[in-house]
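> First the structure, which I've put down as structure tokens, then a few questions once you've had a look.
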Amino acid sequence: MVAVALGIGTALCWGVADFLGGIRTRRLTLAAVLLVSQLTGLAAIAAVVAAGSVETPAAGDVAPALVAGVCQLAGIAALYRALAIGTMSVISPVSASGAAALPVVVGLATGERPGAIVFAGMAAAFVGVTLASRTPDSAQGGGISRQGLQLAAVAALGFGGFYVGMDAAVDDANPFWALLTARVSAGLTLVAVLLVVRPRLKAPRADLPSLALIGLLDVGANACFTLGTETGLVSVVSVLASLYPVLTVVLARALLGERLVAIQTAGVTFALTGVALIAAG
């Protein structure tokens, strides 16, 4: 029962974080949203590790997490930008389905042989992405930004890379140390990029709490998922956690009034089903 609650908590945190990230990126620069949210998340996970007095792992044990952190940063940046310029009800499921499929592809390349349910999920996700990305005629409304879909694909690759890297890191290191290493890697990369690009970072003081909340929700999702897989079945937690786009879609429809044509609704449904099947496998 605890694992189920943690799996649901993961989905809720990720779903709300993505929605807030997309909304804030529509009003503020992507750089400002990333800087505040990422540094807040880093501070939060650092506090958790410090409070837990977990033994420091060897550098080699957390090396994959360094790559995972950069992949996650790229994924988040692409996703927030995609959610800001595209239709959230389509972007979120598309990025989630691709992210879920990439670890399976990597596993196949390294000799793993997943069950039939995983292949069924990948097929459903492919059909879903194809249908959801169909651009309806202007008379029907609800056009989908091509750039938004391209960014969703980048986000999927970034998150998929994060999953693969973290899976390798937690084999040898404490999960929370792996998360901290990934966050440090992402934070340093972000700061380095900002120093080179020098974008506008100013954000109204009133927006800072919501930007910090994005980072806390993201770390909360990671923590819930990590604890859930340690206290219960990975398959159960993974399936529940993978449904996070449902909340983003619900929020987009309820608060932004997003509406999809029938073929796009079918695509979103297929994509979400594919994510769940892949995670269940």
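> I'd like to verify a number: residues in region 1-55 that are hydroxyl-bearing (Ser, Thr, Tyr), in contact (Cβ under 8 Å) with a residue 40 or more places away in the chain and more than 13 Å from Leu216 (Cβ to Cβ), how many?
Filtering region 1-55 for residues hydroxyl-bearing (Ser, Thr, Tyr) gives 10, 25, 29, 37, 40, 53.
If we keep only those that are in contact (Cβ under 8 Å) with a residue 40 or more places away in the chain as well, we get 10, 25, 29, 37, 40.
Cutting the leftovers down to more than 13 Å from Leu216 (Cβ to Cβ) gives us 10, 25, 29.
Final tally of qualifying residues: 3.
> Would you check if Val67 is farther than 30 Å from Val33 by Cβ and of a type in the set (A, V, I, L, M, F, W, C)?
No: the conditions fail for Val67.
> Mind listing just one residue for me: the one in region 87-119 that is in contact with an Asp or Glu (Cβ under 9 Å, 6 or more places away or on another chain), more than 16 Å from Gln150 (Cβ to Cβ) and β-branched (Val, Ile, Thr) and, of those, surrounded by the most Cβ atoms within 10 Å (Cβ to Cβ)?
Val104
> So how many residues does region 133-170 have that are outside any helix (DSSP H, G or I) and at pLDDT 80 or above?
Counting residues in region 133-170 that are outside any helix (DSSP H, G or I) and at pLDDT 80 or above gives 1.
> Among the residues of region 2-30, how many are more than 17 Å from Val250 (Cα to Cα) and aliphatic (A, V, I, L, M)? Quick ask: steps written out before the conclusion?
Here is the first cut: in region 2-30, the ones more than 17 Å from Val250 (Cα to Cα) are 2-7, 24-30.
From what's left, aliphatic (A, V, I, L, M): 2-6, 28, 30.
Selection size over region 2-30: 7.
> Write out, first by first residue and then by second, each pair whose Cβ atoms fall under 6 Å of each other, whose residues are 6+ apart or on separate chains, and whose first residue, in region 239-257, is part of a loop (DSSP other than H, G, I, E, B) while the second is modelled with pLDDT of 85 or more.
Once the first residue is part of a loop (DSSP other than H, G, I, E, B) and sits in region 239-257, its partners that are modelled with pLDDT of 85 or more give Leu243/Ala11.
> So is Ile76 assigned to a helix (DSSP H, G or I), at pLDDT 85 or above, surrounded by 15 or more Cβ atoms within 10 Å (Cβ to Cβ) and in contact with a Leu (Cβ under 6 Å, 6 or more places away or on another chain) or not?
For Ile76, the condition - assigned to a helix (DSSP H, G or I), at pLDDT 85 or above, surrounded by 15 or more Cβ atoms within 10 Å (Cβ to Cβ) and in contact with a Leu (Cβ under 6 Å, 6 or more places away or on another chain) - is not met.
> Suppose we filter region 173-203 for residues that are under 16 Å from Thr40 (Cβ atoms) and not in a helix (DSSP H, G or I); how many remain?
2
> Working only within region 19-55, note down all residues that are touching an Asp or Glu at 6+ places or on another chain (Cβ under 9 Å) and of a type in the set (D, E, K, R).
Arg24, Arg27 - these are the residues of region 19-55 that are touching an Asp or Glu at 6+ places or on another chain (Cβ under 9 Å) and of a type in the set (D, E, K, R).
> Among the numbered conditions (1) farther than 13 Å from Leu79 by Cα; (2) of a type in the set (S, T, N, Q); (3) surrounded by 15 or more Cβ atoms within 10 Å (Cβ to Cβ), tell me where Thr56 comes up short.
Of everything listed in (1) farther than 13 Å from Leu79 by Cα; (2) of a type in the set (S, T, N, Q); (3) surrounded by 15 or more Cβ atoms within 10 Å (Cβ to Cβ), Thr56 misses just condition (3).
> While we're here: Any idea which of Leu35, Leu6 is in contact with a Cys (Cβ under 6 Å, 6 or more places away or on another chain), surrounded by 19 or more Cβ atoms within 10 Å (Cβ to Cβ) and assigned to a helix (DSSP H, G or I)?
The unique qualifying residue is Leu6.
> What's the number of the only condition in (1) surrounded by 24 or more Cβ atoms within 10 Å (Cβ to Cβ); (2) more than 21 Å from Ala47 (Cβ to Cβ) that Asp167 fails to meet?
(1)
> Sticking with this structure for a sec: Can you list residue pairs whose Cβ atoms sit under 6 Å apart, with the first residue in region 93-112 being assigned to a helix (DSSP H, G or I) and among the hydrophobic types (A, V, I, L, M, F, W, C) and the second being loosely packed, with under 13 Cβ neighbours inside 10 Å and at pLDDT below 75? Count only pairs 6 or more apart in sequence or on different chains.
Taking only residues 6 or more apart or on different chains, not a single pair turns up.
> From the set of residues in region 171-186 that are in contact (Cβ under 8 Å) with a residue 40 or more places away in the chain and farther than 19 Å from Leu39 by Cα, which is surrounded by the most Cβ atoms within 10 Å (Cβ to Cβ)?
Across region 171-186, the extreme among qualifying residues is Ala173.
> Additional query: Are any residues in region 50-99 among the aliphatic types (A, V, I, L, M) and over 22 Å from the mean Cα position of the chain (by Cα), and if so, which ones?
Those that are among the aliphatic types (A, V, I, L, M) and over 22 Å from the mean Cα position of the chain (by Cα): Ala50, Ala51, Val54, Ala58, Ala59.
> Could you identify the single residue in Val268, Val219, Val250 that is under 17 Å from Gln38 (Cβ atoms) and not aromatic (Phe, Trp, Tyr)?
Exactly one of Val268, Val219, Val250 is under 17 Å from Gln38 (Cβ atoms) and not aromatic (Phe, Trp, Tyr), namely Val219.
The values are calculated or read from the model by the stated rules, or taken from the named source; none is laboratory data. All of these numbers come straight from a predicted model, not from anything done at the bench. When we count neighbours, we look across all protein chains shown, and the Cβ atoms used for this are built from the backbone with ideal geometry, even at glycine.
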